[in-house]
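Below is one structure; the comments refer to it alone.
The values are calculated or read from the model by the stated rules, or taken from the named source; none is laboratory data. Computed from a predicted structure; not experimentally measured. All Cβ positions, even for glycine, are placed from backbone atoms using ideal geometry, and neighbour counts span all protein chains on display.
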Amino acid sequence: MTNNHSQLAQGAIFGSVLVSGSAQGELLVSDVGISFWGGIDPLNGNIIDEHHPLIGNNVADKVVVIPSGRGSCSGSGALLELILNNCAPAALIFTEAEDILTLGVLVAEALFNRTLPVLRISASDLKDLKTGMQVTITHSKLQLAHDDATTIAVNNQIDNAVNATHAPNISLSALDEEFLSGTYGDAAKMAMQIILRIAHIQGASKLIDVNQAHIDACIYHGPSSLQFAQELVKRQAKVRIPTTLNAISIDERRWQDFGVDKNMAVPASQLGHAFMDMGARASYTCAPYLLNTTPVFGEQIVWAESNAVMFANSVIGARTQKYPDFLDIFIALTGRAPASGSHLDTGRNPTVCIRVEQVNAPDDAFWPLLGYHIGLLTPNDLPIIYGLESLAPSMDDLKAFSAAFATTSSAPMFHMAEITPEAKAADQYCKSSGLFENIKFVTMEQLLGSFKELNTVTTPDVDMICLGNPHFSITECENLANLCDGKIKHAQVRLLITMGREVYDSAIDKGYVARIESFGAEFITDTCWCMITEPVIPNSAKNLMTNSGKYAHYGPALVKRDMHFGSLSTCVNAACNGVNTTDYPQWLSR
């Protein structure tokens with residue numbers, strides 16, 4: 001037994017309070033972060049992420065201890081749904097900075113008068129907490145439960161003293177004060193109160209102006225997500241900055257053609273329209289960097305949707321944090337965001353250096369695979385990556401990398417030496433700070449291991465090809481059309497591509513849609529693979545195939561199917577033959 005464990009047995013561990021409260025329950029502990037969206041069933045609390053060591057456990061009424069969340073910005077919405085379904089954890093304990101899940105609790109407090117305690121403890125404390133221990137939490141104190149633990153009151157009422165609207169160390173502008181006073185309405189007042197609570201947690205000393213927003217909270221998790229948006233509309237919420245909407249849970253114009261149940265389609269559509277009632281644009285894409293409103297280098301923005309955040313920060317050089325669902329719309333209502341994290345120069349410095357082994361003639365599957373693996377290798381670090389300088393990745397390659405990296409990492413961005421716009425400054429920082437002396441290496445053997453992890457199938461059969469996670473770009477449409485020309489899809493394989501409306505219209509104009517449809521493929525707009533289930537995915541389809549590292553990770557848990565992962569050309573070949581006979585790419589052979 002370690003000294004720290006002895007200290008816990010005799011006394012207590014003290015942490016930083018992110019949300020005050022008290023609770024008691026059994027510990028559920030992992031040193032691997034988890035995305036509450038796509039990793040936990042919001043209807044019952046079961047952990048469904050097939051790549052997570054806690055799969056099969058249930059979080060309901062447990063004191064969940066993890067380094068942080070990871071992956072999707074929608075984790076806050078998933079947690080809110082868990083809370084309102086009475087199957088949420090009794091408490092959450094983190095060792096790393098964590099805003100996404102914390103925000104879900106803050107929204108439950110503000111709108112539904114429901115809460116649970118959230119603490120941050122040191123990493124050294126985490127290693128001595130074990131699954132199955134019975135503990136109690138009171139404000140900042142965590143201690144082992146004793147025989148008289150039932151006498152300890154569990155009180156999760158809102159603590160007005162602790163949860164004040166803002167901390168005195170945050171400097172407020174005249175505009176901020178006007179929001180707090182209710183000058184711009186009740187919705188904007190509540191938004192500013194929650195923004196300031198997050199700013200305090202992040203250690204920000206002030207707020208900054210942001211120029212545009214992209215809202216991820218338009219994804220329908222269940223009744224709570226619609227209740228949230230309709231409550232804001234009732235409070236006459238209006239966005240103050242140009243605001244786009246993420247992919248929603250249906251193809252709003254053709255959901256009936258796809259056989260989607262109206263009991264899901266109608267509230268999903270209502271959710272999108274609620275945000276439009278606040279002034280948002282019906283862009284309905286998870287790739288806002290493909291719109292004509294793409295931000296420029298250095299522009300301060302508020303984007304949610306994990307792949308979009310990663311691409312904006314890393315590839316464009318715009319500045320946003322990895323904003324959780326709900327906080328995105330709160331900031332859009334005020335145009336003000338915490339001056340912290342990756343909004344600041346210091347928050348964009350690398351914390352780890354990585355060198356990738358030389359790879360010979362990789363295909364497009366290399367980039368999502370590498371992003372997925374590096375996220376696993378350094379889940380809480382902001383990396384600068386060396387060894388890719390000669391490969392000249394396309395924007396589509398960087399899009400695929402961004403999405404996969406954001407799936408397994410909690411970081412808001414990455415740098416690639418001589419490729420991404422801030423890599424030179426990141427390289428200088430890395431070498432001057434001594435980080436370069438402890439560089440981590442990625443080998444082809446390691447990548448082969450991750451490739452096998454993403455391929456969960458046991459047979460070569462392919463029943464459906466799933467493309468467009470993130471949404472297809474116009475250049476991906478062109479590449480797919482070229483691959484499909486002169487070929488016909490196997491009659492028993494469905495091939496479906498998701499994309500935003502604007503790209504779809506452009507692809508029609510350029511003739512790509514007609515060429516791809518001649519092959520036998522189909523298109524769906526507005527929604528994305530992270531929200532698509534049956535009947536769009538046929539009941540008969542057992543093995544799916546994708547070129548997306550993000551969907552290869554989330555798919556098995558979301559739709560209970562096995563996954564093939566491979567390049568775009570491999571997907572087309574499998575669509576023609578009904579089987580995938582490629583064990584692994586040539587460039588992974590050593």
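What the table below lists for this structure:
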{"read-out": "Residue in the range 105-127 that is under 21 Å from Leu558 (Cβ atoms) and buried (at least 24 other Cβ atoms within 10 Å of the Cβ) present", "value": "no"}
{"read-out": "Matching strands (runs of 3 or more DSSP E) fully within the range 1-115 where at least 2 residues are within 20 Å of the chain's Cα centre (by Cα) and either within 21 Å of Val135 (Cβ to Cβ) or of a type in the set (D, E, K, R) (or both)", "value": "63-66, 91-94"}
{"read-out": "Selected residue (only one of Ala304, Ala365 is assigned by TED's automatic domain parsing to the domain that holds Gln193 and among the small types (Gly, Ala, Ser))", "value": "Ala304"}
{"read-out": "Any hit, the range 297-317, residues being out of contact with any His (no Cβ under 8 Å at 6 or more places or on another chain), over 30 Å from Ser589 (Cβ atoms), in a loop (DSSP other than H, G, I, E, B) and among the hydroxyl-bearing types (Ser, Thr, Tyr)", "value": "no"}
{"read-out": "Leading residue by the ranking (surrounded by the fewest Cβ atoms within 10 Å (Cβ to Cβ)) among those in the range 28-58 that are within 21 Å of Asp99 (Cα to Cα) and of a type in the set (A, V, I, L, M, F, W, C)", "value": "Val32"}
{"read-out": "Filtered residue count, the range 253-281, keeping only those that are part of a loop (DSSP other than H, G, I, E, B) and either among the hydroxyl-bearing types (Ser, Thr, Tyr) or buried (at least 16 other Cβ atoms within 10 Å of the Cβ) (or both)", "value": "5"}
{"read-out": "Output for the range 474-515, where each listed residue is assigned to a helix (DSSP H, G or I) and without any contact (Cβ under 8 Å) to a residue 24 or more places away in the chain", "value": "Asn482, Tyr504, Asp505, Ile508, Asp509, Ala514"}
{"read-out": "Residues of the range 120-142 satisfying the condition of being within 17 Å of Thr102 (Cβ to Cβ) and part of a loop (DSSP other than H, G, I, E, B)", "value": "Ile121, His139, Ser140"}
{"read-out": "Residue check, Ala312 at pLDDT 95 or above and either in the same structural domain as Gly75 (by TED's automatic domain parsing) or touching a Pro at 6+ places or on another chain (Cβ under 7 Å) (or both)", "value": "yes"}
{"read-out": "Selected residue (criterion: farthest from the chain's Cα centre (by Cα)) from residues of the range 568-588 that are hydroxyl-bearing (Ser, Thr, Tyr) and closer than 16 Å to Lys452 by Cα", "value": "Thr581"}
{"read-out": "Pair list, Cβ < 7 Å and 6+ apart or interchain, from the range 170-196 residues that are assigned by TED's automatic domain parsing to the domain that holds Thr334 and surrounded by fewer than 15 Cβ atoms within 10 Å (Cβ to Cβ) to residues that are in a helix (DSSP H, G or I) and not small (Gly, Ala, Ser)", "value": "Gly182/Lys189"}
{"read-out": "Test: residue in the range 504-512 that is under 25 Å from the mean Cα position of the chain (by Cα) and at pLDDT 95 or above", "value": "yes"}
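Residues checked against (1) under 28 Å from Leu344 (Cα atoms); (2) touching a helix residue (DSSP H, G or I) at 6+ places or on another chain (Cβ under 7 Å); (3) surrounded by 23 or more Cβ atoms within 10 Å (Cβ to Cβ); (4) not hydroxyl-bearing (Ser, Thr, Tyr):
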{"site": "Lys399", "(1), (2), (3), (4)": "yes, yes, yes, yes"}
{"site": "Ala403", "(1), (2), (3), (4)": "yes, yes, yes, yes"}
{"site": "Pro412", "(1), (2), (3), (4)": "yes, yes, yes, yes"}
{"site": "His415", "(1), (2), (3), (4)": "yes, yes, yes, yes"}
{"site": "Glu422", "(1), (2), (3), (4)": "yes, yes, no, yes"}
{"site": "Lys431", "(1), (2), (3), (4)": "yes, no, no, yes"}
{"site": "Thr443", "(1), (2), (3), (4)": "no, no, no, no"}
{"site": "Ile465", "(1), (2), (3), (4)": "no, yes, yes, yes"}
